[in-house]
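Input: a single structure, listed below in structure tokens.
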Amino acid sequence: MTGGQALVQQLLRHGIDTLFGLPGIQLDFAFDALWEERERIRVIHTRHEQATAYMADGFARSTGRVGTCLVVPGPGLLNAAAGLATAYACCSRVLCLTGQIPSDQIGSGRGALHEIKDQLETISSVVKHAERVLSPEEIPGAVQRAWGALHAGRSRPVEIEVPPDVLERVADVTLLGPEAPGGAPPLELDLLEEVARLLGGAERPLICSGGGLLCSGGWDALRELSQLLEAPVLMTDNGRGAVSDRDYHAQTGVLANRALVPEADVILVVGTRFSMMRSARFRARIRKDARLIQIDVDPEEIGRNYRPDIGIEADAGQALFELCSRVVLHNRVRASRRDELVALAARSRERWAKASPLCEYGLALRAELPDDGILVNESTQVGYWNAGGGFPVYQPRTFLGYGYQGALGYGFPTALGAQVGNPGRKVISVNGDGGFLFNVQELSTMAQQRIPVVAVVFDDRAYGNVRRIQQLRMGGHTIASELLNPDWIKLAESFGVAGYRAENPAALREVLREALASDAPALIAVPMPDAVAIQGFYPPEPVPPRPTLA
Ligand SMILES: Cc1ncc(C[n+]2csc(CCOP(=O)(O)OP(=O)(O)O)c2C)c(N)n1
Ligand SMILES: [Mg+2]
């Protein structure tokens with residue numbers, strides 16, 4: 001078989017049935033092999049490589065499976081890199097396949113088409129494992145190693161690059177089984193026993209859980225442990241949905257943090273960088289005599305932001321499952337905290353609602369999205385309100401955020417990938433007018449592939465966040481933050497996408513209902529009234545004057 005066929009056949013062995021790609025001459029033999037297997041692998045071609053990686057990320061984060069993208073080397077891979085950076089930040093299982101220049105020219109600097117210096121090293125900053133393959137025979141092994149890296153320890157994107165002559169060359173290739181090396185570290189049972197005793201004896205235990213819990217798929221064990229301990233679960237932005245917001249144990253946001261952390265005598269931190277503890281104000285809330293336990297699959301994360309009394313390197317789900325069976329043996333009797341926790345969540349919600357008029361828009365989204373629907377939340381004013389705890393989340397992997405990259409433009413293509421991975425479910429993409437135009441070209445992919453995402457664009461005629469900060473901190477003037485927008489409905493329609501307009505939150509609900517029911521690609525433009533647009537999400541704070549040049 002050709003190297004291209006070897007690559008595709010090995011992907012099939014691992015159960016890959018969807019690939020997001022954009023072709024070019026270095027990939028001809030890979031795409032030809034994909035054509036041969038077109039009944040078994042759906043190829044979704046995008047209009048920009050950035051979208052291939054974001055779509056693979058959305059597919060991966062919403063399904064827990066591997067999302068795959070295929071891009072040309074050099075500029076193609078650099079275009080995809082922003083998507084890989086978000087996948088890296090969000091611990092997403094993205095397999096990025098890319099080309100190279102002909103193998104006999106690599107490193108020669110002669111200026112072959114798409115050549116960049118040190119491609120493998122360049123991409124290493126946004127993947128956990130990168131490898132070049134120099135013969136067809138090596139391809140199955142490379143895919144298997146990548147698979148192992150995707151699944152071992154902390155999941156993060158990986159890259160394989162194959163030069164065009166290797167994709168073309170015919171060789172006797174032995175395909176490998178789907179089993180991959182790696183997996184989770186062995187459980188330290190003695191430590192888990194100690195933790196079970198601590199938790200079992202605690203009066204006011206608290207669990208803090210993050211995105212790592214969702215990566216591990218351990219939400220059933222988390223819910224069971226929270227019930228056994230009658231412990232609230234404080235979820236981070238990235239960890240929302242691990243416990244349903246319909247369950248009174250679920251807590252999120254600043255107010256809950258302020259109420260729950262100071263009273264906790266044992267705190268179990270699981271699958272989160274615990275980054276809030278970088279702030280001295282947060283650290284000060286922890287009781288001096290509280291015992292803190294941190295479980296993370298990445299040993300480097302343990303103690304990075306706060307030193308725990310006990311640190312355990314383990315898969316979150318496996319460790320929690322083990323803890324459940326051990327806690328029952330040591331558990332004290334505790335009164336129900338239902339009333340208190342219901343009241344706390346209600347107070348949090350009410351306070352958050354009052355924090356901003358954007359609340360009405362966020363709640364309109366929730367009201368029309370079914371419990372198992374997926375919301376992809378871009379870095380925009382309504383998005384900040386959602387992420388801060390305003391938007392209730394009812395199921396795991398149904399709220400996808402921007403992670404610490406905060407990369408503008410990630411949202412729309414990520415939503416498309418999530419919809420491809422979840423054909424029966426409703427997907428809403430929340431965007432600002434700034435962020436949406438970063439990947440506006442994917443309206444074409446959406447229409448051509450009939451991906452029925454509903455993209456909502458909040459139009460404040462600005463990079464609102466930037467404008468707000470300029471107005472507050474820079475003496476009231478603005479630079480480079482006012483936007484001239486297209487006619488959204490004409491824009492959508494010119495791509496073959498239904499365009500809607502909603503002037504206020506009530507209209508947004510109605511239009512959302514219609515768009516979601518249509519099961520067809522849609523764009524809803526929401527012009528923000530000036531007062532709401534200018535206020536933005538962040539309430540004004542007093543700011544010291546800056547020095548000006550004489
Ligand atoms: C890739 C990238 N470039 C630039 C930024 C800086 N940035 C953060 S928010 C923002 C403005 C966002 O505007 P918009 O999408 O319209 O949302 P709004 O704040 O107006 O609601 C910018 C430019 C970023 N986060 N990511
Ligand atoms: Mg804007």
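The values are calculated or read from the model by the stated rules, or taken from the named source; none is laboratory data. Remember, predicted model here, so these are calculated numbers, not experimental data. Glycine gets a Cβ as well: all are built from the backbone with ideal geometry, and neighbour counts include every protein chain shown. What goes into the accessible areas is simple: the full protein's heavy atoms, side chains included, and nothing from ligands, DNA or RNA. Shrake-Rupley method; radii C 1.70, N 1.55, O 1.52, S 1.80 Å.
Here are some notes:
- Within segment 359-379, the residues that satisfy the criterion of being in a loop (DSSP other than H, G, I, E, B) and closer than 19 Å to residue 402 by Cα are 373, 378, 379.
- Of all residues in segment 326-346, none are hydroxyl-bearing (Ser, Thr, Tyr), within 25 Å of residue 154 (Cα to Cα), touching a residue at least 24 places away in the same chain (Cβ under 8 Å) and not in a helix (DSSP H, G or I).
- Only helices (runs of 4 or more DSSP H) whose full extent lies in segment 102-195 are considered here, and the ones with at least 3 residues that are among the aliphatic types (A, V, I, L, M) are 139-151.
- Cβ pairs under 7 Å, 6+ apart, first in segment 18-33 and without any contact (Cβ under 8 Å) to a residue 40 or more places away in the chain and over 24 Å from residue 58 (Cα atoms), second open to solvent by 20 Å² or more (accessible area, probe 1.4 Å) and among the acidic types (Asp, Glu): none
- Of all residues in segment 431-454, those satisfying the criterion of being open to solvent by less than 60 Å² (accessible area, probe 1.4 Å) and near ligand 1 (Cβ under 8 Å from one of its atoms) are 431, 432, 433, 434, 435, 436.
- Set 179, 161, 137: member being over 30 Å from residue 319 (Cα atoms) and open to solvent by 50 Å² or more (accessible area, probe 1.4 Å): 137
- Search result, residues across segment 43-75 that are part of a helix (DSSP H, G or I) and not polar (S, T, N, Q): 49, 51, 53, 54, 55, 56, 57, 58, 59, 60, 61, 75
- Extreme residue, nearest to residue 508 (Cα to Cα), among residues of segment 406-427 that are away from ligand 1 (no atom under 16 Å from the Cβ) and aliphatic (A, V, I, L, M): 427
- Just so you know, in segment 365-412 the residues that are acidic (Asp, Glu) and away from ligand 2 (no atom under 16 Å from the Cβ) include one that is least open to solvent (accessible area, probe 1.4 Å), and it is 368.
- Filter pass, residue 417 being open to solvent by 10 Å² or more (accessible area, probe 1.4 Å) and away from ligand 2 (no atom under 16 Å from the Cβ): no
- With respect to the conditions (1) more than 16 Å from ligand 2 (Cβ to nearest atom); (2) open to solvent by less than 30 Å² (accessible area, probe 1.4 Å); (3) out of contact with any Gly (no Cβ under 7 Å at 6 or more places or on another chain); (4) more than 15 Å from residue 382 (Cβ to Cβ), residue 481 falls short on a single one, namely (1).
- Failed criterion for residue 87 (all others in (1) touching a strand residue (DSSP E or B) at 6+ places or on another chain (Cβ under 8 Å); (2) small (Gly, Ala, Ser); (3) open to solvent by 10 Å² or more (accessible area, probe 1.4 Å) hold): (3)
- Among (1) within 9 Å of ligand 1 (Cβ to nearest atom); (2) open to solvent by 20 Å² or more (accessible area, probe 1.4 Å); (3) among the β-branched types (Val, Ile, Thr) - the single one residue 457 does not satisfy: (2)
- Output for segment 76-91, where each listed residue is farther than 14 Å from residue 161 by Cβ and assigned to a helix (DSSP H, G or I): 79, 82, 83, 85, 86, 87, 88, 89
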